[in-house]
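Structure record follows, encoded as structure tokens.
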Amino acid sequence: MAAKNALIKIDDKEVTYPVMTGTEGEQAIDARNLRKDTGYIFYDQGYGNTGSCESQVTFLDGDNGILRHRGYPIEQLAAQSEFVETAYLVIYGELPTASQRQKFGDLLRDNAHIEPQMQRLFEGFPKDAPPMGMLSSLVGALAAYYPALATNNFEKDLQNFDLAAALAISKIRTLGTLIYRHSRGLPFMHPKDLPFCENFLHMMFSEPYKDYVEIPEVTKALNLILLMHADHEQNCSTSTVRMVGSSGANLFTSLAAGVNALSGPLHGGANVAVMQMLQSIHDEGDDGTRFIAAAKGGSKSNRLMGFGHAVYRNFDPRARVIGEACGLVLKKLGKSDPLLDIAHNLEQAALKDDYFISRKLYPNVDFYSGIIFRALGIPTNMFTVMFAIGRSPGWIANWREVASNPKGRIYRPRQIYVGPAKRDYVPAGKRG
Ligand code: CMC
């Protein structure tokens, strides 16, 4: 018997279900048997009240602005860790020892290249193909290029998990750089024997016969921003990865689904939309009043981008870290960006406005991240690809939980059907 139970009374029937409690005191009614016992289901559009899994990866308390990976607060990781180390932590559950870190780093380096045969896929993409469309196709294609790591058999795929995980993170990063170079008509740069972020910058910005010269502040900022995206509990793309994985699909196929989910403007695509919004305020010489007024109209397509969050109701701790880093990065690089001033003014104006205060809408991770990407020389249409590179460890850790759960079931929500009731087929000549 659980310490606490929930009693549900429907019509004349009473059912009792155990209350589950997580490590941090989160509580849920374990109502897995509700339909079997009563014929009813819970209606929870968007799953906002539904716990779809137990997970050991990330703890998020939206009311208090808390985010922890495997127990470690995001603020401590931001200050003391770096992307590859945090990726290891998110995937394997512990901070790596020196030899584990070395081995993981070696696997990332050894798998940084894209096979010439796979590079030929780029010939089929138009120059102006949307970067996230290219990335999802290419990540899906990994299942075709590395079938031994993608058998759609959990037992076999888990035996090769270390290689598949490192290969995915490393190649998603490299594919991001090739997408950028393809869209600019630049020759592809081969990876070098460099650490993860340095290799990214080399493949993005080196020119034939002229290597990219490392700027430590840029490498540090890139490390920080990727780390800040490493995982975020059961967000839209991560639950998509889990859902696809729950069918038995291999890691790469599940990751491609995550990339697609991330591309929407209400999720990862918001960082592009924020930058477009700030640029348009700048170009029109507006102070943002027009955007704030439009955002209050209630239409999804006019929302103040980079504001609000499905879970955070106080502040987004990632936005705090990135917002502070923004000014510092620009200062260190000796750059100024008028869009940063606009973002600050917009934030101040929105935070004084009753509409945003009453709905608890605050800046989220995407509000300031684009300004850092811009300072690093990354063009706006690549921002969501950068988010995908950063989020890959979280997706991988969640796929692994699904694949390793012997009691896991295929994700299969129910619905309330509201279409036409039963009717008889009408032959073509008798319609209308
Ligand atoms: N601008 C204006 N109004 C908003 C906004 C916004 N950015 N966000 C929410 N609202 C309104 C919403 O219309 C609703 O109003 P009402 O109560 O009058 O119907 C109210 O605030 C409550 O909305 P909600 O239930 O908190 O919103 P949600 O959980 O459905 O959506 C969200 C969360 C992130 C999709 C939404 O806040 C949004 O569209 N924000 C802008 C896009 C964005 O920045 N997305 C990035 C999220 S963080 C990165 C990531 O993890 O993906």
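Filtering the range 123-145 to residues that are touching a helix residue (DSSP H, G or I) at 6+ places or on another chain (Cβ under 7 Å) and of a type in the set (Ser, Thr, Tyr) leaves Ser136, Tyr145. Looking across the range 230-250 at every residue that is hydrophobic (A, V, I, L, M, F, W, C) and within 18 Å of Cys53 (Cα to Cα), the one that is farthest from the ligand (Cβ to nearest atom) is identified as Ala249. Here is a list: Leu77, Leu67. Which entry is outside any loop (DSSP other than H, G, I, E, B) and touching a Lys or Arg at 6+ places or on another chain (Cβ under 7 Å)? Exactly one residue qualifies, and that residue is Leu67. When the range 301-329 is filtered for residues that are in contact (Cβ under 8 Å) with a residue 24 or more places away in the chain, of a type in the set (Gly, Ala, Ser) and open to solvent by 30 Å² or more (accessible area, probe 1.4 Å), only Ala310 remains.
The residue pairs whose first member lies in the range 245-274 and is among the small types (Gly, Ala, Ser) and buried (at least 22 other Cβ atoms within 10 Å of the Cβ), whose second member is at pLDDT 95 or above and assigned to a loop (DSSP other than H, G, I, E, B), and whose beta carbons are closer than 7 Å, counting only pairs six or more residues apart or on different chains, are Ala249/Asn152.
At least 2 residues being small (Gly, Ala, Ser) is the threshold, and among the helices (runs of 4 or more DSSP H) wholly inside the range 323-432 those reaching it are 338-351, 365-375, 383-404. If I filter the range 283-300 down to residues being more than 8 Å from the ligand (Cβ to nearest atom) and touching a residue at least 40 places away in the same chain (Cβ under 8 Å), which single residue comes out as surrounded by the fewest Cβ atoms within 10 Å (Cβ to Cβ)? Taking the candidates together, the pick is Thr289.
Considering the range 310-321, the residues that are assigned to a helix (DSSP H, G or I) and under 16 Å from the mean Cα position of the chain (by Cα) include one that is farthest from the ligand (Cβ to nearest atom), namely Pro317.
Please work out if Ser336 is within 16 Å of the ligand (Cβ to nearest atom), farther than 30 Å from Phe42 by Cβ, out of contact with any Cys (no Cβ under 6 Å at 6 or more places or on another chain) and of a type in the set (Ser, Thr, Tyr). No, not satisfied. In summary, Asn271 fulfils each of the numbered conditions (1) outside any loop (DSSP other than H, G, I, E, B); (2) away from the ligand (no atom under 12 Å from the Cβ) with the single exception of condition (2).
The values are calculated or read from the model by the stated rules, or taken from the named source; none is laboratory data. Since this is a predicted model, take the numbers as computed values, not measurements. All Cβ positions, even for glycine, are placed from backbone atoms using ideal geometry, and neighbour counts span all protein chains on display. To get the accessible areas, we keep the full protein, side chains included, count just its heavy atoms, and leave off ligands, DNA and RNA. Shrake-Rupley method; radii C 1.70, N 1.55, O 1.52, S 1.80 Å.
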